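Down below is the structure, laid out as structure tokens.
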Amino acid sequence: MKKPNWIQTVLFSGTMMALVLLTSGAKDPKNDMNNAQAVQFEQPPLGYAYNALEPYIDAMTMEVHYSKHHAAYTKNFNAALAEANIKEKNIEAIFARISQYPAAVRNNGGGYYNHNLFWQIIAPGGSKSPQGELLEAINKNFGSVDAFKEEFSKKAMSVFGSGWAWLIVSDGELKITSTPNQDNPLMDVVAERGRPVILIDVWEHAYYLKYQNRRKEYVDAFWNVINWDQALKNYLGK
Ligand code: MN
């Protein structure tokens with residue numbers, strides 16, 4: 001047989017390529033549909049640039065924290081829900097009976113939701129100090145904004161290992177609490193339950209690249225990036 005000339009080679013390659021595209025094209029919609037069914041909760045967009053909180057929280061930490069840690073919690077949460085055949089769409093309802101679910105739902109569900117709140121509470125552009133009803137409640141419950149900050153910072157410093165410190169509202173009263181790992185105050189396993197108003201991530205992954213073991217410096221820096229407008233919305237349940 002004669003060797004194929006260049007045009008035959010091009011035509012043959014083109015046909016093979018079209019065939020590959022067609023085959024993968026035929027497969028993709030089915031895979032996408034399966035994925036869509038498995039994804040119960042989406043990772044919300046960050047809403048600002050990774051470097052928007054510099055110099056208090058560095059861009060590299062934000063990028064790894066959002067695109068790796070938070071993305072993994074989101075993916076693993078959806079997988080854990082599928083595995084346990086939990087179809088509930090209301091995450092607060094899931095947390096309200098988290099004691100009955102597998103640990104993977106608790107750990108990854110908390111990791112998913114806590115970070116959603118955290119990106120909002122450290123968002124740039126908010127008021128520089130507490131306002132309105134939240135300011136009144138802080139003054140009433142803690143005496144002053146400075147006294148509140150001191151008590152909250154102390155709680156953040158006292159978390160042993162990985163976890164979170166929280167300002168919650170419960171029966172109209174503000175309280176400072178902490179949770180281990182990825183637990184949160186909406187879960188039926190925590191000692192003090194309530195609606196989250198302010199939270200700080202004190203896992204080492206939240207500060208180690210910039211602050212290493214100096215958690216105190218990170219907690220102090222947190223007060224420079226807190227979005228008090230969002231805290232007020234959380235307090236009012238809006
Ligand atoms: Mn984190």
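The values are calculated or read from the model by the stated rules, or taken from the named source; none is laboratory data. Everything numeric here is computed off the predicted structure, so don't read it as measured data. Cβ atoms come from the backbone with ideal geometry, glycine included; neighbour counts cover every protein chain shown. Ligands, DNA and RNA are stripped out before the accessible areas are found, and what is left, the full protein with its side chains, is counted by its heavy atoms. Shrake-Rupley method; radii C 1.70, N 1.55, O 1.52, S 1.80 Å.
When the criteria are applied in full, Leu174 fails the requirement of being buried (at least 21 other Cβ atoms within 10 Å of the Cβ) and part of a strand (DSSP E or B). Residue pairs whose Cβ atoms lie under 7 Å apart, separated by 6 or more positions or on different chains, with the first residue in the stretch 57-86 and of a type outside the set (Phe, Trp, Tyr) and open to solvent by 50 Å² or more (accessible area, probe 1.4 Å) and the second within 14 Å of the ligand (Cβ to nearest atom) and assigned to a helix (DSSP H, G or I), are Met60/Leu209; His69/His205; Asn76/Asn108. Scanning the stretch 145-171 for residues that are touching a residue at least 40 places away in the same chain (Cβ under 8 Å) and in a loop (DSSP other than H, G, I, E, B) yields a count of 2. Only residues that are within 16 Å of the ligand (Cβ to nearest atom) and either closer than 14 Å to Ile122 by Cα or at pLDDT below 65 (or both) were counted across the stretch 18-55, and they come to 3.
Within the stretch 178-194, being more than 16 Å from the ligand (Cβ to nearest atom), open to solvent by 10 Å² or more (accessible area, probe 1.4 Å) and touching a helix residue (DSSP H, G or I) at 6+ places or on another chain (Cβ under 7 Å) holds for Leu186, Asp188, Val189. Taking the criterion of being open to solvent by 10 Å² or more (accessible area, probe 1.4 Å), within 16 Å of the ligand (Cβ to nearest atom) and either at pLDDT below 95 or in contact with a strand residue (DSSP E or B) (Cβ under 8 Å, 6 or more places away or on another chain) (or both), the only residue of the stretch 95-147 that qualifies is Leu117. The residues of the stretch 195-213 that are under 28 Å from Lys238 (Cβ atoms), more than 16 Å from the ligand (Cβ to nearest atom) and free of Cβ contacts under 8 Å to residues at least 60 places away in the same chain amount to a single one, Arg195. Every condition in (1) open to solvent by 40 Å² or more (accessible area, probe 1.4 Å); (2) at pLDDT 95 or above; (3) under 23 Å from Ile94 (Cβ atoms) is met by Asn234 except one, and the failing one is (1).
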